[in-house]
């Protein structure tokens with residue numbers, strides 16, 4: 001078995017491929033070819049984020065690859081700046097539309113704070129209440145079948 005097909009098992013039973021095509025800093029028009037190429041060459045996991053703004057290019061790359069949606073694992077992330085229920089739901093629905101998919105396999109809270117504050121240690125403000133609201137939106141989206149798994153990214157213990 002190729003490393004591209006090896007998986008980890010999340011606590012809710014969803015299997016996530018160990019290796020993903022990372023799409024950070026790839027503009028929408030430039031995301032088409034790498035996505036298509038990766039999928040045609042064995043990748044099954046695409047990692048993006050609402051803040052990357054390249055979901056439409058990834059969508060076109062998936063389409064061009066001919067790989068079925070159900071054979072691809074897509075990870076996305078709620079923007080670090082989106083710190084309310086409404087903003088998080090907006091990010092989720094925007095990603096679903098831009099990716100042209102009925103579900104996202106894994107949705108993460110991208111950052112515990114807005115990015116502009118992330119490196120302000122140790123004086124970085126906490127966004128506990130706001131992240132709970134974002135988490136609530138993701139739980140509801142998961143319950144609606146829009147997300148298969150949820151989690152966090154760039155958070156400390």
- For the range 1-113, list the helices (runs of 4 or more DSSP H) that sit wholly inside it and hold at least 2 residues that are in contact (Cβ under 8 Å) with a residue 40 or more places away in the chain; which are they? 55-65, 85-99
- Message: Can you pull out every residue in the range 137-157 that is part of a helix (DSSP H, G or I) and in contact with a helix residue (DSSP H, G or I) (Cβ under 6 Å, 6 or more places away or on another chain)?
- Response: 137, 141
- Could you list all residues from the range 109-126 that are modelled with pLDDT of 95 or more and either loosely packed, with under 13 Cβ neighbours inside 10 Å or under 14 Å from residue 93 (Cα atoms) (or both)? none
- When you go through (1) exposed (fewer than 13 other Cβ atoms within 10 Å of the Cβ); (2) over 21 Å from residue 102 (Cβ atoms); (3) in contact with a strand residue (DSSP E or B) (Cβ under 7 Å, 6 or more places away or on another chain) one by one for residue 41, which number turns out not to apply? (3)
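One line per residue, one yes/no per condition, for (1) under 17 Å from the mean Cα position of the chain (by Cα); (2) modelled with pLDDT under 95; (3) closer than 22 Å to residue 149 by Cβ:
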position	(1), (2), (3)
28	yes, yes, no
37	no, no, no
44	yes, no, yes
63	no, no, no
77	yes, no, yes
87	yes, no, yes
- Task: Working only within the range 127-145, note down all residues that are buried (at least 18 other Cβ atoms within 10 Å of the Cβ), under 22 Å from residue 74 (Cα atoms) and out of contact with any strand residue (DSSP E or B) (no Cβ under 7 Å at 6 or more places or on another chain).
- Result: 137
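The values are calculated or read from the model by the stated rules, or taken from the named source; none is laboratory data. Note that the coordinates shown come from a computational prediction; the quantities given were computed from them, not determined experimentally. Using ideal geometry, Cβ is built from the backbone for each residue, glycine included, and neighbour counts are taken over all protein chains shown.
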